[in-house]
Structure formats: C-alpha cells, structure tokens
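Reviewing the structure listed below.
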Amino acid sequence: MKEVINKVKFAATKSLTRLVMEALESATLKIEAQAMQFAGSQPPPIRDESPGITERFLQNLNTYFDQLTSLKDAPLTVAELDSDNLTLVDHDYLEAVIAMESMVTHTRNSDMKQYISFTARLDSLFDNRQIDETNNPLDPEHIGDSFNEAVRPLGLKAHYLLTIAREFNKSVFHNLETVMEEANGILIDLDVLPNLDMKARNRALQKKRMEKENIANEAISKASPKDRTEDLFEVMQTLVKGLAVNTINSGQGTPAPASQTGATESAQGVQGNELEKIGQLGKIADEQKAQALQQSQLMDMLTNI
C-alpha cells in the first residue's frame, strides 16, 4: 500500500509543483506590470523567491501524503485555528487565506469526476480508515493550504498575495482535473479498482436526488398527460367563471332585477310587455359581454401557459 501511495505522491506532487511554478511566473509578470504604473514602486522579488516557494509547497503537500501511512497528525492550518488565536495571524496573510478558501469551495463544487474516482480508489486501499476531503492529499483545501504556507514567509502585502492567489487558481485549480486523471491512471495501472464504474455511482446519487424530488411531484408524475390537461382546463374554467361572477356583481353593465324594473317603469306609465322585452334584450347583451370577457381571459391564460 505504501508503495502505491508513494508512486501517486511522486507523480501528483511533480505535476502540481510545475503548475505552481507557472502560477508564480504569471503572478510575477502581473505584479511587475502593476508596479510600473507607480513611479518608484519596487515589486517584491517573487521570481527570486520562486524556488523556495515551490520547495516549501512540495514539502507541505508531501506531508499530507505521508500522513496516510503514518500516525502523525495533520499540520494546523489557519482555517482550523480558533478565534482566540486569529489575532496572532497577519492581517494580509489572513486575507489571502480567505480568498483561497473561496477558490477551494468553488473547485470542490465543480464536481470533478476524476476527483471522485481518485477518492474512491484511494479509500479502497485502507481497511480501517475512510478517505474523504479531510484526509485526501489531493483535496483542493490541502493543496491551497500547502501553497499559502509556502508563500507566507515572504510577508507580502494583501494586494500582492491576492494577485498570486488568482494566478494560482488559474494555473493549479483549473488544471486539477488533469492531475487527478494522471493519479487515477497510476492506480489503474497498479490494479486499484481498474473497472470502477463512476457512471454507476453517479446514477445512484442521481436516483436518490430524483426520489426526493418525486416526493414533492408525486401527484403530477402519476397523472397522465390527458388527465393533467383536463385538470388544467377545469381550473381555468373555474377561474374564468369566478372572474365573470365578480364582474357582474361589481355592477358593471348589470341589469336591474325584473321586479324593480317593472315597478319603476309602471310608475312612469310604460307598458309591462315592452319593459319585459327591453329587460330581456339587456340581459342578452350582458351575457354576450360576459362571454366575450371569459373568452378573452381564457385566451390570455392559454397564451401565458
């Protein structure tokens, strides 16, 4: 087991160190360009310090691999310090740590299939230990902590550290999937779960999520398309009828009751039969208006749907 882990460690740390060197070179160019905008500004000697940074990064990352085959505790990082000790941390460095945590979270949420495969294969090597993000040497948080601790001795200001962190994110985290693929290839060559079907594992996770969603949508999912269409039209018809009743009851174009009309017109000396005809005509006109209103509202609903 130790031999297997050492082979993965050698390949992964080599690739990550190369990416770190690219990040430092890119950050150096960015910082030098920024310094040229201000007369007399002297940028920090990042290029001169790059060999020391990469060496410390390599040592820090190796420590996480070595912990898998030893009983040593993980090194205490700034993210794990309690609130009482945070006052002892340099403010500029703390800003870099916070920025790195954000990048770590984003990288984890990118759902790297190679990372999931690597974790599963690494976990299969241990009988009494579960491998997860807390002890996976290639977890983004451990990689980010290894880099922050490597840069920390330079005592750089926050704006320099943030520039370096952004370039680290572009060079390292954006290419982490490739590093994971290389690590998986080594484990496959060493016959560590060579036939691991991550698609099946992903399908199992998707099935669980679908089951949760189906609980909320069970009634809809069981209904046939015809039933759902009929239910929809029944709801729309009910709404339209309610709107029509509200319109009539509001007094817009509502004919007076026949009894009241007859009494009033009788007092004015108008014949009852003629009044009845007028009332009927008015009622028909109002019904036509209500019907037209219903049709218009129904068409609006259908358009919105």
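With the checklist (1) over 22 Å from Pro153 (Cβ atoms); (2) part of a loop (DSSP other than H, G, I, E, B) in hand, flag the one item Ala33 doesn't pass. Just one mismatch for Ala33, condition (2).
Looking only at segment 36-61, residues that are aliphatic (A, V, I, L, M) and assigned to a helix (DSSP H, G or I) come to 4 in all. Val235 passes every criterion in (1) loosely packed, with under 12 Cβ neighbours inside 10 Å; (2) modelled with pLDDT of 55 or more; (3) more than 27 Å from the chain's Cα centre (by Cα) apart from (2). Of everything in segment 46-73, what is surrounded by fewer than 16 Cβ atoms within 10 Å (Cβ to Cβ) and under 18 Å from Glu22 (Cβ atoms)? Give them in sequence order. Of everything in segment 46-73, those that are surrounded by fewer than 16 Cβ atoms within 10 Å (Cβ to Cβ) and under 18 Å from Glu22 (Cβ atoms) turn out to be Arg47, Asp48, Pro51, Gly52, Glu55.
Selection within segment 1-25: residues that are at pLDDT 95 or above and charged (D, E, K, R). The member of this set that is surrounded by the most Cβ atoms within 10 Å (Cβ to Cβ) is Lys9.
The values are calculated or read from the model by the stated rules, or taken from the named source; none is laboratory data. Since this is a predicted model, take the numbers as computed values, not measurements. Methodologically, a virtual Cβ is constructed for each residue, glycine included, from the backbone with ideal geometry; neighbour enumeration extends over all protein chains shown.
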